[in-house]
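The values are calculated or read from the model by the stated rules, or taken from the named source; none is laboratory data. Model, not experiment: these values are computed from the prediction. Quick reminder, even Gly has a Cβ in these numbers, built from the backbone with ideal geometry, and neighbours come from all protein chains shown.
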Amino acid sequence: MLSKLYKPLVLGVALSSVCISGMAQTGAPVEKNKANTDYKPAFAGQTRIASVKSKAAYKDEVINSELKSPWGICVLPDGRLLISGKTGTMQILTTAGKIVKTITGFPKVHYQGQGGMLDVNIDPNFTQNRMVYWTYAQPGDDGAALAVAKGKLSADETKLEDVSVIFEAVPRHKGGGQYGSRLLFDKAGNIFVSSGDRSANNIRQKAQDLSATTGKIIHITKDGKPVASNPFIGTPNAKPEIYALGFRNPDGMAINPATGDLWEAEFGPRGGDELNLIKAGGNYGWPVITYGIEYSGEKVYEGIQQKEGMIQPVYYWDPVLSPGCMIFYTGNIAEWKNNILIGGLSSVHIARLVIKNNKVVGEERLLEGRMERWRCMAIGKDGNIYAGTDNGKLYKISKK
């Protein structure tokens, strides 16, 4: 049943990806290091695309260096920034970097490994209802779970009121790895949440299990109910909240404002980080197919990169980028319009990807010399990029 569902999607990716000649490629690929594997891409341009270089002048400045493990960032209607901290905090900052409010009232977080307070976003109708949504690692007797919660920001902006948990990923797991966890609103006001595979060998295979919500893209209403059009509603034993499956650690997720398409960036193992165009009902393969290997150097399961019924990534990296966040650029630098920006962690740069016809046609490394692990990014009302790093810094990146 599943292979029949996925087959058209797989063929659509492969057939439209064969020819990329004539597009805006200029220099040698930005990656010069040897790959971890000798795996071959499924189509031309799937990895190590030609480089591009920005012609527009831009600048970066640190506007705050006292944040506590910033993880998520969103822009309030008045232009200020709402930033979540992994330790379990949220703060409101001005675009000059000044902390003006610290918010309390959150449930306890499981602050271990990659767990803690994670992404944050505001309701599309925030000016009317003041609702804030966030994801976090939720503690429990049977282990931690990725959870989605919501609450109303008080009038004085110091606490959240009427807090409720609207979704918990299953199964729980006693470990601190790979929650994924970006939270976006679609054009209908429903929520997409990326859910990681939780890393360990005894749970990661559930990324292929429709009775589990780990290793998935989840699509729910503001009350946590499955969206009525979800692809697995009515499938026996399938969780109705599932939108797509087969993900390892999807720390990046963004909607293309020009098309409405959903994109995802995720950590591979050792090599094999991916950029994916997400389709309803799609199976993205992890851990059955991957362009990476185990950290030990062994193959992941059968060590295959393609399989009928499983969708190929639009692009992959080997060695890894370690994508920590991603956005579609909508700011003041015309040359970057509709490019994808992905914050790299271990790679300590921001990857700028030029996209044409849903394919990567050029790649540039931005701010590589800053040696920062880029964890969250947003485009401000002023058209500048605001980006948080694991060092607790908030950068403003703007046109000169």
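In the range 58-86, the residues that are under 16 Å from T102 (Cα atoms) reach residues that are assigned to a loop (DSSP other than H, G, I, E, B) and aliphatic (A, V, I, L, M) with C-beta atoms within less than 7 angstrom, at least six apart or across chains, in these pairs: L82/L76; I83/L67; G85/L67. No other residue among E298, E308, E363 is closer than 25 Å to S194 by Cα and out of contact with any strand residue (DSSP E or B) (no Cβ under 8 Å at 6 or more places or on another chain) apart from E308.
Restricting to the range 165-210, and then to whatever is polar (S, T, N, Q) and in contact with an Asp or Glu (Cβ under 9 Å, 6 or more places away or on another chain), can you tell me which residue is surrounded by the fewest Cβ atoms within 10 Å (Cβ to Cβ)?
First, the residues of the range 165-210 that are polar (S, T, N, Q): 178, 181, 190, 194-195, 199, 201-202, 205, 208.
Remaining after also requiring in contact with an Asp or Glu (Cβ under 9 Å, 6 or more places away or on another chain): 178, 181, 194, 205.
On the way: Q178: 28, S181: 27, S194: 30, Q205: 16.
Residue satisfying both the conditions and the ranking: Q205.
Can you tell me how many residues in the range 231-274 are in a loop (DSSP other than H, G, I, E, B) and not polar (S, T, N, Q)? Residues in the range 231-274 being in a loop (DSSP other than H, G, I, E, B) and not polar (S, T, N, Q): 20 in total. Every residue in the range 86-118 that is surrounded by 21 or more Cβ atoms within 10 Å (Cβ to Cβ) and at positive phi, please. Result: G116, single match.
In the set V170, V120, V109, only one residue is of a type in the set (V, I, T) and either assigned to a strand (DSSP E or B) or over 23 Å from G196 (Cβ atoms) (or both); that residue is V120. Does K396 fit the bill of being assigned to a loop (DSSP other than H, G, I, E, B) and of a type in the set (K, R)? Criteria not met by K396. Just one of (1) farther than 30 Å from A137 by Cα; (2) modelled with pLDDT of 95 or more; (3) charged (D, E, K, R); (4) not in a strand (DSSP E or B) fails for K4. It is (2). Take the conditions (1) over 16 Å from the mean Cα position of the chain (by Cα); (2) closer than 23 Å to N230 by Cα; T104 misses just one of them, which is (2). In the set I242, I289, only one residue is over 13 Å from the mean Cα position of the chain (by Cα), within 20 Å of S181 (Cβ to Cβ) and among the β-branched types (V, I, T); that residue is I242.
Could you go through the range 175-186 and let me know if any residue there is of a type outside the set (A, V, I, L, M), part of a strand (DSSP E or B), at pLDDT 95 or above and within 17 Å of N230 (Cα to Cα). Scanning the range 175-186 turns up at least one residue that is of a type outside the set (A, V, I, L, M), part of a strand (DSSP E or B), at pLDDT 95 or above and within 17 Å of N230 (Cα to Cα).
When we screen A280, A265 for residues that are buried (at least 18 other Cβ atoms within 10 Å of the Cβ) and among the small types (G, A, S), the only hit is A265. In the set (1) assigned to a loop (DSSP other than H, G, I, E, B); (2) of a type in the set (V, I, T); (3) within 16 Å of the chain's Cα centre (by Cα), the condition left unmet by V193 is number (1).
Close contacts from the range 296-309, counting a first residue that is within 13 Å of W286 (Cβ to Cβ) and a second that is among the acidic types (D, E), with Cβ to Cβ under 8 Å and a gap of 6+ residues or different chains, come to V300/E294.
Being among the polar types (S, T, N, Q) and on the phi > 0 side of the Ramachandran plot holds for only one residue in N384, N391, N358, N339, and it is N358. Residues in the range 368-383 that are over 20 Å from the mean Cα position of the chain (by Cα), in contact (Cβ under 8 Å) with a residue 60 or more places away in the chain and in a loop (DSSP other than H, G, I, E, B): K381, D382.
If you go through the range 336-361 and keep only what is over 14 Å from M326 (Cβ atoms) and free of Cβ contacts under 8 Å to residues at least 60 places away in the same chain, you end up with K337, S346, V348. Whenever a residue of the range 209-230 is closer than 26 Å to F267 by Cα and in a loop (DSSP other than H, G, I, E, B), its partners that are modelled with pLDDT of 95 or more and acidic (D, E), lying with C-beta atoms within less than 7 angstrom and at least six residues away or across chains, give the pairs T213/E241; T214/D197; G215/D197; N230/E241.
Could you please let me know if A144 is more than 15 Å from G388 (Cβ to Cβ) and buried (at least 22 other Cβ atoms within 10 Å of the Cβ)? Lay out the reasoning, then the answer.
Values: more than 15 Å from G388 (Cβ to Cβ): yes; buried (at least 22 other Cβ atoms within 10 Å of the Cβ): yes.
Judged against the criteria, A144 is a match.
In this structure, does I311 turn out to be buried (at least 22 other Cβ atoms within 10 Å of the Cβ) and out of contact with any Pro (no Cβ under 9 Å at 6 or more places or on another chain)? In short, yes.
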